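**Student:** Okay, here's the structure, questions in a sec.
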There are 2 protein chains.
Amino acid sequence: MTEKNNKKPAEAPSPGASRTMSTIENKYYSQQIHGPYEKHSIGNLKLKEGKTLRNTKIAYTTFGELNNKKDNAILFPHMYSGTSKDMEMYIGENQPLDPTKYFIILPNQIGNGLSTSPHNTKPPNGQADFPQINISDDVRAQHKLITEKFGIEKLELVLGWSMGAQQTYEWIVRYPEMVKKAAPIGGTAKNPVISKIFVDTLIDAIQSDPNYRHGYYKKPHAVQQGLKRHAKLFSMMGASSKLYSQKDWKKPGFTSLNDFLTNFWNEWFLPMDPNNLICMAKKWREADVSQNTNGDLKKALKRIKAKVYVMPFEEDMFFTLDQCEKEEKHIPNSELHPIPTTWGHFGMLGMDPNDKKYINNKIQKLLKTN
Amino acid sequence: MTEKNNKKPAEAPSPGASRTMSTIENKYYSQQIHGPYEKHSIGNLKLKEGKTLRNTKIAYTTFGELNNKKDNAILFPHMYSGTSKDMEMYIGENQPLDPTKYFIILPNQIGNGLSTSPHNTKPPNGQADFPQINISDDVRAQHKLITEKFGIEKLELVLGWSMGAQQTYEWIVRYPEMVKKAAPIGGTAKNPVISKIFVDTLIDAIQSDPNYRHGYYKKPHAVQQGLKRHAKLFSMMGASSKLYSQKDWKKPGFTSLNDFLTNFWNEWFLPMDPNNLICMAKKWREADVSQNTNGDLKKALKRIKAKVYVMPFEEDMFFTLDQCEKEEKHIPNSELHPIPTTWGHFGMLGMDPNDKKYINNKIQKLLKTN
């Protein structure tokens with residue numbers, strides 16, 4: 001059979017660019033580094049902002065077994081610039097998410113490089129032409145994954161950090177009957193203005209690199225200057241003043257400030273695809289559960305039926321403690337548990353073992369409540 | 001007489017570039033906008049970092065009269081990106097600095113556009129070739145101004161905000177016998193690491209604009225993209241999360257977030273000279289009174305003899321409350337007075353009248369103490 005005969009026009013009738021132009025080859029987005037994971041096809045996804053994402057594939061990983069009653073599932077979406085792999089440190093027999101008891105699903109965000117993303121989508125929808133994604137698009141895609149693929153109707157727990165918290169909030173507002181417990185960590189239901197400004201600076205840091213070429217760079221690591229600038233901004237806003245003044249970065253073994261800035265922050269961001277990061281950043285920027293209630297945030301939060309532990313990082317500079325506190329007051333069945341750490345927004349990485357211990361304890365406690 | 005005969009070789013033996021190449025014409029740096037001011041020549045200034053700043057001129061403004069005993073002088077250096085003009089709102093008969101009682105001197109920083117600066121210095125020392133200035137160079141230049149020009153041996157008060165606070169600290173550590181009272185507002189004696197990172201992002205924001213041309217742009221407003229990026233960073237770190245979440249920017253009359261970002265932050269920075277800003281930024285970055293005591297900050301602070309009011313802004317994101325507090329503990333005769341404002345670092349502009357009232361009261365109180 002010829003290639004033409006093999007085509008499935010219902011899925012991708014693209015006779016031109018998509019067959020003659022290629023995607024970006026970036027070895028960072030591989031099973032080797034972020035796997036093992038599988039992909040679930042959800043077909044064409046009509047996006048909140050109006051466009052359609054073709055042949056959407058959601059990468060995901062699972063741990064443990066779904067029980068017969070299908071009531072032991074935990075959904076754990078990930079943060080900006082990460083993948084499901086970065087969440088696995090919380091999973092294990094001695095970890096808060098125990099795979100011998102729970103079926104843990106780690107969905108990958110649209111745009112993170114494993115799911116359908118700018119770098120792995122062919123023209124005319126790839127790179128800078130990738131459509132704008134909304135947090136709710138991810139949550140609707142995850143809803144398809146857990147209902148269509150696994151037949152799950154109720155989740156024991158949804159939790160996540162940063163953009164994972166944004167997804168958690170969208171879940172419990174959009175599908176209030178489907179979630180029993182929730183732990184949004186270091187994130188808010190509506191993105192604070194200062195966080196929007198921060199996202200703007202991140203996007204601009206990348207786009208202002210002439211090698212970004214308006215989003216049509218050809219090599220995966222062409223935009224290093226922009227990514228370094230982006231990493232530097234994160235080293236400022238993603239940490240805290242105290243982390244630096246107390247040199248707490250020494251605890252995980254960094255030997256100098258430069259060592260920390262280079263081998264933590266640059267190491268983290270430099271391998272990534274600039275358009276993938278921008279795709280996620282724009283999603284982060286617009287995250288707002290009040291899109292479910294015509295802009296009424298209180299009304300949206302009051303819809304929540306899950307038992308919620310709101311867990312801000314005390315020194316977080318953009319998902320600030322006071323913003324989390326304000327929202328928590330409107331969530332019917334909730335508790336505020338600020339995480340005392342100098343690692344600011346990056347506290348969830350557990351660079352200081354005390355941070356992870358604190359989070360572990362809270363999640364364990366939440367799972368034990370009825 | 002020919003031009004050659006008029007030359008004063010002792011001051012500027014520059015037969016080449018300085019006579020054939022020009023400075024940057026920027027109408028922002030004018031008597032019309034920042035005047036009236038005078039200039040005091042202090043000749044060639046040997047700089048802390050090793051180079052020499054030729055024909056250094058310090059612009060300054062004064063209010064009131066120096067009394068016969070010469071004991072009523074107040075020195076009020078200014079912050080980053082400002083000039084002495086921006087300090088004048090604190091001067092007046094109903095203001096904390098009363099010119100009918102005090103002789104108030106407002107020196108302009110080297111590099112701020114009125115004093116000797118990158119944009120008004122000819123090649124081979126202008127623009128990107130302007131030498132690195134240290135806060136102590138400014139303070140030594142100001143020392144020359146007040147002793148040589150006015151014969152002042154003791155200052156009743158030194159005060160300043162941000163880089164003005166850095167200069168204040170350098171004054172009271174370097175010349176402890178010469179200052180009776182001091183009010184460092186929204187600044188520290190040693191620049192905190194997060195503030196250094198912030199400065200790095202500011203410098204990079206400007207330098208990454210291709211029109212910056214490695215510092216050799218030809219037109220005064222060629223680097224608008226870089227300056228806008230620089231303004232955006234300030235809108236994030238120079239304010240506070242609460243200013244945005246509570247929309248406190250509405251109080252001075254801004255009608256929308258965009259109105260505030262454009263007509264406050266861009267309006268402030270866009271007319272300025274990029275190299276001038278970078279000159280000041282580098283000074284800010286390295287500010288550290290412990291350069292007087294071989295790196296021993298406590299020893300430096302303990303040298304202070306002035307009565308000191310340490311006045312951080314509560315929500316300041318880079319000269320943070322906790323950093324100011326830590327330093328204050330080592331200053332023998334000091335009090336900590338945190339300023340309760342959501343304007344963060346920009347609290348001193350008095351955009352909220354309550355902020356200015358708070359600062360006014362404290363300065364008045366400090367001036368009344370013996």
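**Student:** When you look at A:W268, is it more than 14 Å from chain B (Cβ to nearest Cβ), outside any strand (DSSP E or B) and surrounded by fewer than 20 Cβ atoms within 10 Å (Cβ to Cβ), yes or no? Reasoning before the result, please.
**Tutor:** On the way: more than 14 Å from chain B (Cβ to nearest Cβ): yes; outside any strand (DSSP E or B): yes; surrounded by fewer than 20 Cβ atoms within 10 Å (Cβ to Cβ): yes.
So A:W268 fits the description; yes.
**Student:** Among the numbered conditions (1) farther than 25 Å from A:Q166 by Cβ; (2) more than 24 Å from the chain's Cα centre (by Cα); (3) among the polar types (S, T, N, Q), tell me where A:T262 comes up short.
**Tutor:** Every condition holds for A:T262 apart from (2).
**Student:** With A:P338, A:P312 as the choices, which residue is open to solvent by 10 Å² or more (accessible area, probe 1.4 Å) and modelled with pLDDT of 95 or more? Lay out the reasoning, then the answer.
**Tutor:** Numbers: A:P312 fails: open to solvent by 10 Å² or more (accessible area, probe 1.4 Å).
Step by step, each of A:P338, A:P312 is checked, and only A:P338 is open to solvent by 10 Å² or more (accessible area, probe 1.4 Å) and modelled with pLDDT of 95 or more.
**Student:** Being in a helix (DSSP H, G or I), more than 20 Å from B:A183 (Cβ to Cβ), within 14 Å of chain A (Cβ to nearest Cβ) and not β-branched (V, I, T), is that true of even one residue in the stretch B:307-327?
**Tutor:** The first filter runs over the stretch B:307-327 and keeps only residues in a helix (DSSP H, G or I), leaving B:321-327.
Keeping just the survivors that are more than 20 Å from B:A183 (Cβ to Cβ) gives none.
Among the residues of the stretch B:307-327, not one is in a helix (DSSP H, G or I), more than 20 Å from B:A183 (Cβ to Cβ), within 14 Å of chain A (Cβ to nearest Cβ) and not β-branched (V, I, T), which makes the answer no.
**Student:** Name, by its number, the condition in (1) outside any loop (DSSP other than H, G, I, E, B); (2) within 14 Å of another protein chain (Cβ to nearest Cβ); (3) of a type outside the set (A, V, I, L, M, F, W, C) that does not hold for A:K362.
**Tutor:** For A:K362, the exception is condition (2).
**Student:** Okay, moving on. Which condition breaks for B:V289 when tested against (1) free of Cβ contacts under 8 Å to residues at least 12 places away in the same chain; (2) more than 14 Å from chain A (Cβ to nearest Cβ)?
**Tutor:** If we test B:V289 against (1) free of Cβ contacts under 8 Å to residues at least 12 places away in the same chain; (2) more than 14 Å from chain A (Cβ to nearest Cβ), just (1) comes out false.
**Student:** With respect to A:I278, determine if the residue is closer than 20 Å to A:E25 by Cα, of a type in the set (A, V, I, L, M) and buried (at least 20 other Cβ atoms within 10 Å of the Cβ).
**Tutor:** Numbers: closer than 20 Å to A:E25 by Cα: yes; of a type in the set (A, V, I, L, M): yes; buried (at least 20 other Cβ atoms within 10 Å of the Cβ): yes.
Here the answer is yes, as A:I278 does meet what is asked.
**Student:** Within the stretch B:29-48, is there a residue that is touching a His at 6+ places or on another chain (Cβ under 9 Å), more than 22 Å from B:L155 (Cβ to Cβ), hydroxyl-bearing (S, T, Y) and open to solvent by 20 Å² or more (accessible area, probe 1.4 Å)?
**Tutor:** yes
**Student:** Across the stretch B:341-353, which residue is surrounded by the fewest Cβ atoms within 10 Å (Cβ to Cβ) among those that are assigned to a helix (DSSP H, G or I) and modelled with pLDDT under 95? Write out each step before concluding.
**Tutor:** Of all residues in the stretch B:341-353, those assigned to a helix (DSSP H, G or I) come to B:344-349, B:353.
Still in the list and also modelled with pLDDT under 95: B:346-349, B:353.
Working: B:F346: 26, B:G347: 31, B:M348: 27, B:L349: 18, B:P353: 11.
For the stretch B:341-353, the residue satisfying everything is B:P353.
**Student:** Looking only at the stretch B:132-161, filter to residues that are of a type in the set (A, V, I, L, M) and assigned to a helix (DSSP H, G or I); which one of those is surrounded by the most Cβ atoms within 10 Å (Cβ to Cβ)?
**Tutor:** B:I135
**Student:** Looking at the stretch B:23-51, I want the residues that are under 25 Å from B:F150 (Cα atoms) and have a partner that is β-branched (V, I, T) and in a loop (DSSP other than H, G, I, E, B) with Cβ atoms under 6 Å, at least 6 apart or on another chain. Which pairs are those?
**Tutor:** Short answer, once both residue conditions are applied: B:H34/B:T83.
**Student:** Let me ask something additional. Among the numbered conditions (1) free of Cβ contacts under 8 Å to residues at least 60 places away in the same chain; (2) in contact with a strand residue (DSSP E or B) (Cβ under 6 Å, 6 or more places away or on another chain); (3) open to solvent by less than 20 Å² (accessible area, probe 1.4 Å), tell me where A:P99 comes up short.
**Tutor:** Here A:P99 meets the rest and fails (3).
**Student:** Let me spell it out: the conditions are (1) within 28 Å of A:K101 (Cβ to Cβ); (2) more than 14 Å from every other protein chain (Cβ to nearest Cβ); (3) touching a helix residue (DSSP H, G or I) at 6+ places or on another chain (Cβ under 6 Å); (4) touching a residue at least 40 places away in the same chain (Cβ under 8 Å), and A:P338 meets all of them except one. Which number is the exception?
**Tutor:** Single failed check for A:P338: (4).
**Student:** From the list A:L270, A:L297, A:L243, which one is farther than 22 Å from A:I133 by Cα, at pLDDT 95 or above and touching a Lys or Arg at 6+ places or on another chain (Cβ under 9 Å)?
**Tutor:** A:L270
**Student:** Also, I was wondering about something else. Would you be able to tell me the number of residues in the stretch A:111-130 that are within 18 Å of A:S81 (Cα to Cα) and touching a strand residue (DSSP E or B) at 6+ places or on another chain (Cβ under 7 Å)?
**Tutor:** So the count comes out to 3.
**Student:** For the stretch A:162-260, which helices (runs of 4 or more DSSP H) that fit wholly inside it have 3 or more residues that are more than 11 Å from chain B (Cβ to nearest Cβ), open to solvent by less than 10 Å² (accessible area, probe 1.4 Å) and not hydrophobic (A, V, I, L, M, F, W, C)?
**Tutor:** Details: elements: A:163-174, A:193-207, A:224-237, A:241-245, A:257-260.
Where helices (runs of 4 or more DSSP H) fall fully within the stretch A:162-260 and carry at least 3 residues being more than 11 Å from chain B (Cβ to nearest Cβ), open to solvent by less than 10 Å² (accessible area, probe 1.4 Å) and not hydrophobic (A, V, I, L, M, F, W, C), they are A:163-174.
The values are calculated or read from the model by the stated rules, or taken from the named source; none is laboratory data. What you are looking at is a predicted structure, and each value in this text was computed from that prediction instead of being measured. Neighbour counts are summed over all protein chains in view; Cβ atoms, including those assigned to glycine, are modelled from backbone coordinates with ideal geometry. Only protein heavy atoms, including side chains, enter the accessible area calculation; ligands, DNA and RNA are left aside. Shrake-Rupley method; radii C 1.70, N 1.55, O 1.52, S 1.80 Å.
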